[in-house]
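S.K.: Shown below is the structure under consideration.
The values are calculated or read from the model by the stated rules, or taken from the named source; none is laboratory data. Because the structure is predicted, anything quoted here is derived from the model rather than measured. A quick note on method: Cβ atoms are made from the backbone with ideal geometry, for glycine too, and the neighbour counts reach across all protein chains shown. Areas reflect the complete protein model, heavy atoms only, side chains present, ligands, DNA and RNA absent. Shrake-Rupley method; radii C 1.70, N 1.55, O 1.52, S 1.80 Å.
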Amino acid sequence: MWITPDRIFYAGLLGAPGVRTMGSLMIYVATEGSIRIAVGGGEWETGEMAIVHPYQPHQLLSEAMMINLIKIEAETMEIASLPPLLARSGIVDAPQFVERVRRRQRELCELGSLDDLNSLDFDRFFFDGPLVPKVLDRRIQEIVEMIKRHPSAPSSAEECAEAAHLSFSRFLHLFKQEVGVSFRTFRKWKRARSVLRHVNEKANLAHVALDNGYPDSTHFSHCIKQVYGLRPKEIFAGSRRLVVYATSGSARG
């Protein structure tokens, strides 16, 4: 898994997750064979590649039980300016891109280390160039960056409103208008995303929960399953052989 502050590439086990809802643009590519996906409670579709837009609930199955996955954080890209390939959720017929992702996965494995790569390399690596960035209101951008730097911090919406020099109601309205989801939903996603830095560590899950801002292991398990469709112990069990590279100020950094 290659983690940057705004991007993730994962190549590994998928398992059999339930419904998952993540705050990223999700690009699923079968390692071999096909995948099946149902987005937003719709019909199941089958193919080699699927797109899911941010915060859309979906369920995924893989014939090979493995998956290649690219995650692009919602607040960093302009949805309306995405390439046609990424414009809609569901199965996408894009054999050339599928082969590109598979080739890139092999290249990353051959590198053995990603120390020479940084966040700016990610889009060039998979898309030949940067995606069009989303421009947020400066006050909201500062709060977004604060949450990303410290996702486990107990900062309340009221405290963030004060830091942004906005009334509480104006802050909540402007945050949702700019980011596309509520403050609470955004923070929930960033907190769950930060857990990924621990997945290949031999860590006590209760300690992981507390370190990442969850009040107890029960709440931790419930929130993680809502996001990833799997319980924390299932994610950690499936990541024992996973190699994690974190670059340029990402969660681990």
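S.K.: Report the residue, chosen from Cys109, Cys160, Cys223, that carries the largest GNM mean-square fluctuation when the chain is represented by alpha-carbon nodes joined by springs under 10 Å.
M.R.: Judging by the Gaussian network model, the answer is Cys109.
S.K.: For the range 84-169, state which GluC sites (Glu not before Pro) are in a DSSP loop and have at most 10 other beta carbons lying within 10 Å of their beta carbon.
M.R.: Working: sites: Glu99, Glu107, Glu110, Glu142, Glu145, Glu158, Glu159, Glu162; in loops: none.
For GluC sites (Glu not before Pro) across the range 84-169 that sit outside H, G, I, E and B with at most 10 neighbouring Cβ atoms in 10 Å, the list is empty.
S.K.: Let me ask another. If you plug each phi of the range 79-86 into the Karplus form 6.51 cos²θ - 1.76 cosθ + 1.60 with θ = phi - 60°, what whole-Hz ³J(HN,Hα) values come out, in order, with x for Gly and Pro?
M.R.: Per-residue couplings from phi come out as 3, 5, 9, 5, x, x, 4, 10 Hz.
S.K.: Find the eigenvalues of the gyration tensor of the Cα atoms of the range 144-244, then list the square roots of 5 times those eigenvalues as equivalent ellipsoid semi-axes, largest first, in whole angstrom.
M.R.: On the way: eigenvalues 169, 31, 28 Å².
Taking √(5λ) for each Cα gyration eigenvalue gives 29, 13, 12 Å.
S.K.: Additional query: Tell me the volume per residue, in Å³, of the convex hull enclosing the alpha carbons of the range 1-123.
M.R.: On the way: hull volume 12.7 nm³, N = 123.
Convex hull of Cα atoms, per residue: 103 Å³.
S.K.: Between Val135 and Asp93, what length in nm is gained on full extension when 0.36 nm per residue of separation is reduced by their alpha carbon distance? Don't jump to the answer; show the numbers that get you there.
M.R.: Numbers: separation 42, 0.36 × 42 = 15.12 nm, distance 3.03 nm.
Result for the pair: 12.1 nm of gain on full extension.
S.K.: Rounded to the nearest percent, how much of the accessible area of the range 33-183 (1.4 Å probe, protein heavy atoms only) is carbon and sulfur? Intermediate results must be reported in sequence, preceding the final value.
M.R.: Details: 4120 of 7920 Å².
Percent of accessible area from carbon and sulfur atoms in the range 33-183: 52.
S.K.: Of Met66, Gly238, Thr218, which is farthest towards the positive pole of the chain's charge dipole, taken about the Cα centre with +1 and -1 on the beta-carbons of Lys, Arg and Asp, Glu respectively?
M.R.: Thr218
S.K.: Distances longer than 33 Å among the Cα atoms of the chain: what percent of all pairs is that? Don't jump to the answer; show the numbers that get you there.
M.R.: Details: 5126 of 31878 pairs.
Across the chain, Cα pairs with separations above 33 Å total 16 percent.
S.K.: Computed from the mean reciprocal separation of all distinct C-alpha pairs, what Kirkwood hydrodynamic radius does the range 98-194 have, in Å? Don't skip to the end; give the middle numbers.
M.R.: Numbers: mean 1/r = 0.0632 Å⁻¹.
Hydrodynamic radius (Kirkwood, Cα pairs) of the range 98-194 is 15.8 Å.
S.K.: To the nearest 20 debye, what is the magnitude of the charge dipole of the range 1-148 about its Cα centre, counting +1 on the Cβ of each Lys and Arg and -1 on the Cβ of each Asp and Glu? Please list the in-between numbers first.
M.R.: Values: 15 positive and 21 negative charges, 43 e Å.
Using only the charged Cβ atoms, the result is roughly 200 debye.
S.K.: In what sequence, largest accessible area first, do Ile79, Ile51 appear using a 1.4 Å probe?
M.R.: On the way: Ile79 70, Ile51 0 Å².
Putting Ile79, Ile51 in descending order of accessible area: Ile79, Ile51.
S.K.: Which of rounded, prolate or oblate describes the range 1-70 when judged by the alpha-carbon gyration tensor and an a/c cut-off of 1.5?
M.R.: Details: a/c = 1.85, a/b = 1.13, b/c = 1.63.
In terms of gyration-tensor shape, oblate.
S.K.: Out of residues 5 or more away from Tyr245 or on other chains, whose amide H comes under 5 Å of its own, with H placed 1.01 Å from N in the peptide plane?
M.R.: Excluding prolines and chain starts, which carry no amide H, the hits are Trp2, Ile3.
S.K.: Using 1/(1 + (r/R0)^6) with R0 = 51 angstrom and r between the beta carbons of Leu85 and His207, what's the FRET efficiency to the nearest 0.05?
M.R.: On the way: r = 41 Å, r/R0 = 0.81.
Computed FRET efficiency for Leu85 and His207 comes out at 0.80.
S.K.: With every protein chain left in place, what is the accessible area per residue of the chain in square angstrom, probe 1.4 Å?
M.R.: Heavy-atom accessible area per residue stands at 49 Å².
S.K.: On to the next question. What order, most packed first, do the peptides 86-95, 2-11 have when packing is the mean number of other Cβ atoms within 10 Å of each residue? All intermediate terms of the calculation are to be shown ahead of the outcome.
M.R.: Details: 86-95: 16.1, 2-11: 22.4.
Per-residue mean Cβ counts within 10 Å order the peptides as 2-11, 86-95.
S.K.: Amide H of Leu14: which non-local residues (sequence gap of 5 or more, or other chain) have their own amide H closer than 5 Å, using H built in the peptide plane?
M.R.: Met66, Ile67
S.K.: Which value in nm describes the separation of the simple spin-label points at Ser34 and Arg149, placed 7 Å from the Cα toward the beta carbon?
M.R.: 4.8 nm
S.K.: Evaluate the charge dipole of the chain about its Cα centre and quote only its size in Debye, nearest 20, assuming +1 on the Cβ of each Lys and Arg and -1 on the Cβ of each Asp and Glu.
M.R.: Once rounded to the nearest 20, the dipole reads 560 debye.
S.K.: Just tell me which lysines come within less than 21 Å, Cα to Cα, of Lys188; anything on the same chain fewer than 8 places away is out.
M.R.: Filter leaves Lys71, Lys134, Lys148, Lys176, Lys225, Lys233.
S.K.: Hey, any idea what Rg/Rh is for the range 5-44, computing Rh the Kirkwood way over Cα pairs?
M.R.: Numbers: Rg = 11.6 Å, Rh = 12.3 Å.
Result: Rg/Rh = 0.94.
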